[in-house]
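Visitor: Before I ask anything, here is the structure I am working with.
Derivation of every value follows stated rules applied to the coordinates shown; laboratory data play no part. As the structure is a computational prediction, the values presented were derived from the model and not from experiment. Counting neighbours? That spans all protein chains shown, and the Cβs are built from the backbone with ideal geometry, glycine included.
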Amino acid sequence: MCIDGRLRRVRNWRRAALQTSAFVVMIACCSSLLDQADVSAQARAGGAQGTIEDPCRFATAEAVGKAFGRPMQSSKLVDVCVYRGTPTGLVAVKVKAGPEGTILRHVKSAAAQGQKGAEKAATKVGEAYFDSILPAFIGRVGNYDVQITISDANGEPTIQPVPRDAMIAVGARIMETLAGK
């Protein structure tokens with residue numbers, strides 16, 4: 001555009017394309033920097049609420065082992081932390097940010113209807129449920145869902161007596177860590 005407000009004819013299309021691409025790159029970089037600043041502000045404000053890259057950082061193998069009454073080792077599988085106490089038993093912990101998950105909605109409605117197995121669990125922060133049929137501990141604090149399940153070595157839910165109190169204790173501790181308390 002010229003100073004007098006009239007549109008100017010493009011003389012060099014290559015130059016116009018370079019200017020346009022430079023503008024697009026500049027906008028993309030600025031939005032990326034704003035996203036990084038937002039993430040670091042969340043990390044400073046909420047302690048553990050910054051990122052969820054490592055699900056094993058919310059509960060150590062020693063703490064989970066102590067709750068379940070046996071020594072355990074942890075390993076990270078994508079977005080799930082798996083704690084192994086015996087070759088046949090696994091405790092999986094998943095912490096995920098986002099909208100309320102399907103399992104939480106299911107357990108919440110089952111507990112509201114008084115179905116056998118689903119019950120509300122007492123925690124200091126957030127909302128939590130324990131379902132002995134799945135068996136699972138499912139909680140929500142802030143924008144995060146916390147799920148703890150017990151399964152055998154093949155990944156199938158176990159039918160053995162479920163350590164209800166241990167699952168609720170570990171889940172409540174993870175939720176308190178997420179809440180920054």
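Visitor: If the cut-off is 16 Å between C-alpha atoms, which lysines fall inside it for LYS76, apart from same-chain ones fewer than 8 positions away?
Guide: LYS94, LYS96
Visitor: At 0.36 nm per residue, and after removing the present C-alpha to C-alpha distance, how many nm does the segment from HIS106 to ARG164 gain when stretched out fully?
Guide: Extending this stretch completely gives an extra 19.0 nm.
Visitor: Distance in nm between label sites at GLN113 and LYS76, each 7 Å beyond Cα in the beta-carbon direction?
Guide: 3.9 nm
Visitor: Of ALA169, ALA136, ALA118, which is farthest along the charge dipole of the stretch 55-181 in the positive direction, counting Lys and Arg as +1 and Asp and Glu as -1 at C-beta?
Guide: ALA169
Visitor: Go through 66-75, 107-116, 140-149 and give me the packing order, highest mean Cβ count within 10 Å leading.
Guide: Ranking, from highest mean packing down: 140-149, 66-75, 107-116.
Visitor: Amide H to amide H under 5 Å from THR158: which residues, 5+ apart in sequence or cross-chain, H placed 1.01 Å off N in plane?
Guide: For THR158, the qualifying residues are ILE150, SER151, ASP152.
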